[in-house]
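J.: Let me begin by handing over the structure; questions about it come next.
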Amino acid sequence: QVQLVESGGALVQAGGSLRLSCAASGGTFSNYAMGWFRQAPGKEREFVARISRTAVSTYYADSVKGRFTISRDNAKNTMYLEMNSLKPEDTAVYYCAADSGRMVLTTARAFDYWGQGTQVTVSS
């Protein structure tokens, strides 16, 4: 079983940048595709980005494409989300998740393990 811990969330002004990290333990990190999701107050959890086991393939929600970059370092058992040109609508709790399956899916229920989340707040 994989344990995931997010970090890096903060309060930032619109137009600013943040880098989130997700540290994994308790399993073989490279066996999992990884993803980032976010949930704003009163809204459903939504897909942000996904990265394959070897980092060859990445996928993004349209709302973050061109501004966010997902990456991973399998030697460090860590995944990252570089967020640039942040907007107030990016405000949410950001969760990292691990997917043991082989299909490329972006729905939350496809992911087996979740972190506790880290708060990102973008002020206007």
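J.: Set Lys and Arg Cβ to +1 and Asp and Glu Cβ to -1, take the dipole of the chain about its Cα centre, and tell me which of Ala10, Asn84, Ser52 lies farthest positive.
T.: The residue sitting most towards the positive pole is Ser52.
J.: Between beta-carbons, use under 13 Å as the cut-off and find the net charge around Trp114, counting Lys and Arg +1, Asp and Glu -1.
T.: Working: positive: Arg38, Arg45, Arg109; negative: Glu6, Asp99, Asp112.
Counting the neighbours of Trp114, the net charge comes to 0.
J.: Which lysines, on any chain, are close to Lys76 with Cα under 27 Å apart, when same-chain ones fewer than 8 places away are left out?
T.: Of all the lysines, those that pass the test against Lys76 - Cα under 27 Å, at least 8 places apart if same chain - are Lys65.
J.: Label points 7 Å out from Cα along the Cβ direction at Ala10 and Asp112: separation in nm?
T.: In this crude spin-label approximation the distance works out to 3.4 nm.
J.: Over region 8-107, what is the relative contact order in whole percent, taking alpha-carbon pairs under 8 Å and six or more residues apart?
T.: Here the relative contact order equals 37 percent.
J.: Could you size up the charge dipole of the chain around its Cα centre, putting +1 on the beta carbon of Lys and Arg and -1 on that of Asp and Glu, and report it in debye to the nearest 20?
T.: For this selection, approximately 160 debye.
J.: Of all the accessible heavy-atom surface of the chain, with the other protein chains kept in place and a 1.4 Å probe, what percent is carbon and sulfur?
T.: On the way: 2980 of 6300 Å².
Looking at the chain in its full context, I get 47 percent from C and S.
J.: Specify the longest stretch of the chain that does not include any exposed loop site, a site being one of the trypsin sites (Lys or Arg not before Pro) with a non-H, G, I, E, B DSSP assignment and at most 12 other Cβ atoms within 10 Å. Each step should come with its number before you reach the end.
T.: On the way: sites that count: Lys43, Lys65, Lys76, Arg102.
Longest stretch, sites excluded: 1-42.
J.: To continue, here is another question. Between Ser17 and Val104, what FRET efficiency comes out of the Förster formula 1/(1 + (r/R0)^6) with R0 = 25 Å and r the beta carbon distance, rounded to 0.05?
T.: Numbers: r = 28 Å, r/R0 = 1.10.
Working from the Cβ atoms, E equals 0.35.
J.: Tell me, what does the Kirkwood hydrodynamic radius of region 41-111 come to in angstroms if you use every pair of distinct C-alpha atoms?
T.: So the Kirkwood estimate lands at 13.2 Å.
J.: Sticking with the crude label model, points 7 Å out along Cα→Cβ, report the distance from Thr54 to Gln1 in nm, one decimal please.
T.: Placing both labels 7 Å along Cα→Cβ, they lie 3.1 nm apart.
The values are calculated or read from the model by the stated rules, or taken from the named source; none is laboratory data. Just so we're clear, the structure is a prediction, and the values are computed from it rather than from any experiment. Methodologically, a virtual Cβ is constructed for each residue, glycine included, from the backbone with ideal geometry; neighbour enumeration extends over all protein chains shown. Surface accessibility is based on the protein's heavy atoms, side chains included, excluding ligands, DNA and RNA. Shrake-Rupley method; radii C 1.70, N 1.55, O 1.52, S 1.80 Å.
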